[in-house]
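For reference, the structure is listed below as structure tokens.
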Amino acid sequence: HRLNPHPCGRERAFVPAMAAAVREISSQADLEALCGSHGGLSAVLLWAPWHPPSVHLNKVLEAIAGQEKSVRFGKINTDVCPDIATSLGADQVPFVAFMDPRARKIDGLAGADPPKLVEKVKALASRPFEAGASGSTAGGGGVGSAGQAGESDLNTRLRGLVNFSPVMLFMKGSKSEPFCGFSRKAIDMLNKHDIEYSTFDILQDQEVREGLKDYSNWKTFPQLYIGGELVGGLDIMKEMEEDGSLVEAIQSAAGGEEDAGDINTRLKGLINKADVMLFMKGNKEEPHCGFSKKAVAMLQEHKIEFDTFDILGDEDVRQGLKEYSNWKTFPQLYIKGELVGGLDIMQEMADDGSLQEAVPDTARKT
């Protein structure tokens, strides 16, 4: 869903912190005030009220905001503020931009993917933000006291940057706009393997560009780091891709384990068993907790065909699904293999009609 530009308001007063868990942003000043209100991560949802997946992700963000107290959350209606959306590199909705305290984007997530959103919030929130660090997509617009910082301070900063994400690519440009052929090939290679990674634009920070050459003893760019350790440049990336060791190294750094693959394969099969799947305590006929009972009643009231899975009868599924979905409580509702959320989100979607809209025709009783 592409964005249609028209002017964005500039002078609205900023909403105080206690007013809402997810703040409404309608100007660049609002955005900067949100990010500058604390020393940590800010997550900003770019959404459109006419787009059901955006509306759903809005509700998911509110639920996450209630749990992640160290993160500031905001939302921007792209119909009202298309210029901010463009500046953040969002050409579709929904899109979540992750920002540092200086209102610089360090990462982004396109599309309605609640589990991935939860995962990114938790991962990025756990990483400290140093004064003067970060920039475009992990940093990039470096400020910092270049002339005053000693070598040890620079090395501390570089150490933080190479460990910012399990997979870090220092390059010319960004994911969306590589500024040299080597950087573009490195991006294409990582994207081809569907690898999660962050980037740092060395063209935006001369101190990092020169300092990294000595820090890593590698004089050219791009430079790929996995788990904080230098892998090398494009030639080494190509060699590792050809023998399969690139993906293996990345999976290892991200904590991927072989035995987790079996349970994940099983979980994927279960959540796709029916168009609408409810993982609950008990079953349709005998729910074993109040939340599960309410979820069943809600689906039945709206004449939705659904299957259930009793998590009390399978501890592997019960614990595995918490990690697979990045959602720690039950019941959990899935539609067409995608996590919707728990009872609170189901209720909100039922109230505004988006629950019925999300259900495919094959799961609607006539």
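The values are calculated or read from the model by the stated rules, or taken from the named source; none is laboratory data. This is a predicted model, so every value here is computed, not measured. Because the Cβ atoms are built from the backbone with ideal geometry, glycine has one as well, and the counts that use them run over all protein chains shown. For accessibility, only protein heavy atoms count, side chains too; no ligands or nucleic acids. Shrake-Rupley method; radii C 1.70, N 1.55, O 1.52, S 1.80 Å.
When D243, D259 are screened for being on the phi < 0 side of the Ramachandran plot, at pLDDT 80 or above and surrounded by fewer than 17 Cβ atoms within 10 Å (Cβ to Cβ), only D243 passes. Checking each residue in the range 313-335 for being surrounded by fewer than 18 Cβ atoms within 10 Å (Cβ to Cβ) and closer than 20 Å to K284 by Cβ picks out G313, D314, R318, T329. Under the condition of being modelled with pLDDT of 85 or more and within 19 Å of the chain's Cα centre (by Cα), the residues counted in the range 167-178 number 3. A single entry from D83, D91 fulfils the requirement of being of a type in the set (D, E, K, R), surrounded by fewer than 19 Cβ atoms within 10 Å (Cβ to Cβ) and closer than 23 Å to E338 by Cα: D91. For D275, the conditions (1) open to solvent by 60 Å² or more (accessible area, probe 1.4 Å); (2) in contact with a helix residue (DSSP H, G or I) (Cβ under 9 Å, 6 or more places away or on another chain); (3) closer than 18 Å to R364 by Cβ; (4) not hydrophobic (A, V, I, L, M, F, W, C) are fulfilled apart from (1).
Kindly check whether there is at least one residue in the range 68-75 that is within 18 Å of G40 (Cβ to Cβ), open to solvent by 10 Å² or more (accessible area, probe 1.4 Å), modelled with pLDDT under 85 and small (G, A, S). Looking through the range 68-75, none of the residues is within 18 Å of G40 (Cβ to Cβ), open to solvent by 10 Å² or more (accessible area, probe 1.4 Å), modelled with pLDDT under 85 and small (G, A, S). Picking from residues in the range 94-111 that are over 10 Å from the mean Cα position of the chain (by Cα) and open to solvent by 10 Å² or more (accessible area, probe 1.4 Å), the one that is farthest from P178 (Cα to Cα) is P101. Answer yes if at least one residue in the range 184-199 is aromatic (F, W, Y) and either over 22 Å from L117 (Cβ atoms) or over 23 Å from the mean Cα position of the chain (by Cα) (or both), and no otherwise. No, because not a single residue in the range 184-199 is aromatic (F, W, Y) and either over 22 Å from L117 (Cβ atoms) or over 23 Å from the mean Cα position of the chain (by Cα) (or both). Could you please let me know if K175 is open to solvent by 20 Å² or more (accessible area, probe 1.4 Å) and in a helix (DSSP H, G or I)? When the stated conditions are applied, K175 does not pass them. If you check T366, T265, which single one turns out to be open to solvent by 80 Å² or more (accessible area, probe 1.4 Å), modelled with pLDDT under 90 and part of a loop (DSSP other than H, G, I, E, B)? Step by step, each of T366, T265 is checked, and only T366 is open to solvent by 80 Å² or more (accessible area, probe 1.4 Å), modelled with pLDDT under 90 and part of a loop (DSSP other than H, G, I, E, B). Within the range 190-224, the set of residues being closer than 23 Å to S252 by Cα, in a helix (DSSP H, G or I) and open to solvent by less than 90 Å² (accessible area, probe 1.4 Å) comprises L190, N191, S216. Picking from residues in the range 49-67 that are over 25 Å from G36 (Cα atoms) and assigned to a loop (DSSP other than H, G, I, E, B), the one that is least open to solvent (accessible area, probe 1.4 Å) is H51.
When the range 179-189 is filtered for residues that are open to solvent by 10 Å² or more (accessible area, probe 1.4 Å) and either at pLDDT 90 or above or under 17 Å from D235 (Cβ atoms) (or both), the ones remaining, listed by number, are C180, G181, F182, R184, K185, D188, M189.
Residues in the range 306-329 that are part of a loop (DSSP other than H, G, I, E, B) and either among the small types (G, A, S) or at pLDDT below 90 (or both) were compared, and the one that is nearest to G290 (Cα to Cα) is T329. Residues in the range 225-240 that are farther than 21 Å from P178 by Cα and open to solvent by less than 40 Å² (accessible area, probe 1.4 Å): G228, M240. Among residues of the range 171-198 that are over 21 Å from A97 (Cβ atoms), those with a Cβ under 9 angstrom from a residue that is among the basic types (K, R) and at pLDDT 90 or above, sequence gap 6+ or separate chain, pair up as K185/K238; M189/K238.
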